[in-house]
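The values are calculated or read from the model by the stated rules, or taken from the named source; none is laboratory data. Because the structure is a prediction, the values reported are computed rather than measured. A quick note on method: Cβ atoms are made from the backbone with ideal geometry, for glycine too, and the neighbour counts reach across all protein chains shown.
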């Protein structure tokens, strides 16, 4: 016989009570009425019986108890015949029920409306606003740059993502603050639903940006979002659409889904290329960040200034060459030409004839260049240095860590070095092993030999057998999001700390480039004097904001990041002017022009106070687009930022005891900016 636990009277009563309440709303109202009466009537009786002025008869006292209870329940104070009292009580109860029901309905409706508002389900009625679809680490860069691009003007940015509205608003407010004239509107919902996309009114927007999430199928979601956005916008001309995908295999589908109005940027390939550029030429990452944000100098298009140097005094542009206009702006750096029916040409030969409809590609601090000024008077030919021949040589690169972007990095590095270069990979686990050389063509293997050894990069034991100071560059990669416990940046920070301790131990510098996923960890990174940080997705976010602000710049960035043509270099100032002498920046521009380059700024280097040993720490001051008339004494450690096509010259010899040099490189095949359409 099965044993049955004894049940107490209290438990049975509670069970009956709970069961009764669960039956219907009427039972709940009945119990509520009984509970009220069970409290009000006894207390009213006690009040009447303790009142010395209460009636002496029992019937009088009972009537007083009824009146007190009715007043307490706000049912009035009925009097007269018993039928009249009963009817009055009935009307009072009905009134109480109706009022309570009305209050409940109003409260429920207001609650649902407030919940809907908190969920972000109301329509955005703004005009000429920016729309950001999706949520990732890039959203802070993109929204921040969109705000900076509209500095001084009323700015409305609508963010739509499948997240809680309160969380998005709090995260954006903590990261960006609340500037004057800036209004952030967050909406929540599925990005692939047409009705949800209509909430942010993309038809009336000035630009639409689509960000990939951190999910494994983020690229597929971007394609579906572009299809839904196309259904909302229709085939009519609409705002420019800029989207990002991680894997290049999704580029064709994304371009088809975006249509003619869309520009697609590939995040992984862009990050890999920036890592290679930063490792190959120290300081390039800092220059690119300055060029792509809206805080400093940016790319612009301006008209060719009239030629006022003709003998007859007439203004004409006939047979004018590119070299003739480089010193025609005091506060703008001319870097290329934009023909009316073709791609831009950055750093063309000085004798390139300017067409009648061509425009100039300049780097300036605002969208309107200053008036045409002849800056040739500031050129001092006696301060120009004698050109020194350079030579390219193979390089050795150490790669610590492995992720999904590593194969793209190896490919970009293979196209950027001369034959005989070596890449040593230290990564943990068999899944991290890169493709062996026999899987590549003999030409690729001869260009860059890739070797692999197991080990966990943050541990000093994995680096003891390596000649760290024999490498031209050390690249540190973080793990993919969700690939393991902890934040992916944790291992990168520990690796940087280990490399920094090696620098301090031996009193020498290591040229290190590290990849981080969270921009907030940049301030935590223990960097040496020759180290740099590349925030994954930051450059892509800057590119997207620039293209959204001016879609024509996509073609310029395509040329800038291509594996052929012109690219950013930092060369010693001694290549252009005599070190230790005073010269104007116009003199540097003229000297760079003689070498087939466009000078756009300089980076001043000097001793900095702090730990790390004498000569180990440096302080850098980057200045882009200085005035042509600016004069200064050029030191031996100063560097000039140039846009150069001649990539066969080694910028500086490797000196581990000093500041890390830029890596020599040679350009490989034609590879446009990842994600920018080929026709741009």
Does residue 522 satisfy the criteria of being in contact (Cβ under 8 Å) with a residue 12 or more places away in the chain, within 30 Å of residue 245 (Cβ to Cβ), under 22 Å from the mean Cα position of the chain (by Cα) and surrounded by fewer than 16 Cβ atoms within 10 Å (Cβ to Cβ)? yes
When residue 162 is run through (1) at pLDDT below 85; (2) out of contact with any helix residue (DSSP H, G or I) (no Cβ under 7 Å at 6 or more places or on another chain); (3) closer than 19 Å to residue 196 by Cα, the failure sits at (1)
Residue check, residue 154 against (1) farther than 24 Å from residue 234 by Cβ; (2) at pLDDT 85 or above; (3) exposed (fewer than 15 other Cβ atoms within 10 Å of the Cβ), all met but one. Which one? (2)
Between 191, 184, 197, which is crowded, with 22+ Cβ neighbours inside 10 Å and not in a helix (DSSP H, G or I)? 191
At least 1 residues that are in contact with a strand residue (DSSP E or B) (Cβ under 9 Å, 6 or more places away or on another chain) and at pLDDT below 90 in each: list the strands (runs of 3 or more DSSP E) lying fully within the range 524-611 that qualify. 532-535, 567-572, 597-607
Within the range 491-519, tally of residues that are surrounded by fewer than 23 Cβ atoms within 10 Å (Cβ to Cβ) and part of a helix (DSSP H, G or I): 12
Looking at the range 289-309, which of its residues are under 20 Å from residue 360 (Cα atoms), touching a helix residue (DSSP H, G or I) at 6+ places or on another chain (Cβ under 8 Å) and not in a loop (DSSP other than H, G, I, E, B)? 292, 298, 299, 307
Out of (1) exposed (fewer than 13 other Cβ atoms within 10 Å of the Cβ); (2) at pLDDT below 70; (3) in a helix (DSSP H, G or I), the one residue 89 does not meet is (1)
